[in-house]
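Below you'll find the structure, written out as structure tokens, and then a few comments.
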Amino acid sequence: MNRLYQRLHLQPNAKPSEIRQAFLTAARQLHPDKQPGNENANEEFRMLKEAYDHLMATKKTNLTGIIVEPIPLTEWNKLELNDSEIVYQTRCRCGGQLSVSQDQLVSNNDGLVPCDNCSLYVQIV
Ligand SMILES: [Zn+2]
């Protein structure tokens, strides 16, 4: 378990928002498109994503009484960062910023996005 945190350079008490931020930062560096010539790039990226998914799943099951607010995807701002990276953003009811990448949406079957600011989860519906 701790090795997963190390892979994302996180402390074991990291919040879901910190895990997500660490993943996004690492994903930008380790994405196979950013590492032409590195034969291990796909494997490194897969391991990173696996660590992220696992940590987020653990955080969710550890949360007691999480509050989930459904927000339709049509109410999220769609930002196209480049050809391959699309990010959706919206505001939490606390005023905090919520963002999720297209890739995360695809891999995140329950569509839950943690708020950076409070303990609320927003569910994309
Ligand atoms: Zn919030």
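Throughout, read-outs are computed from the coordinates displayed, never taken from laboratory work. Please read all numbers here as calculations on a predicted model, not as lab measurements.
May I ask you to compute the full-extension gain from residue 80 to residue 94, defined as 0.36 nm times their residue separation minus their alpha-carbon distance, rounded to one decimal in nm?
Contour length minus Cα-Cα distance gives 2.5 nm.
Helix 41-62: angle to the longest alpha-carbon principal axis of the chain, degrees 0 to 90, nearest 10?
Between helix and principal axis, roughly 30 degrees.
Please report, largest first and rounded to whole Å, the three semi-axes of the ellipsoid equivalent to the range 1-47, where each semi-axis is the square root of five times an eigenvalue of the C-alpha gyration tensor.
Details: eigenvalues 101, 26, 7 Å².
Rounded to whole Å, the semi-axes are 22, 11, 6.
Rg to Rh ratio, the chain, alpha-carbon atoms and Kirkwood radius? Don't jump to the answer; show the numbers that get you there.
Numbers: Rg = 14.7 Å, Rh = 15.2 Å.
Looking at the chain, the ratio lands at 0.97.
Report D for the range 65-125 in µm² per second (integer): Stokes-Einstein, Kirkwood Rh on Cα pairs, 20 °C, 1.002 mPa s.
On the way: Rh = 11.7 Å.
Rounded, D is 183 µm²/s.
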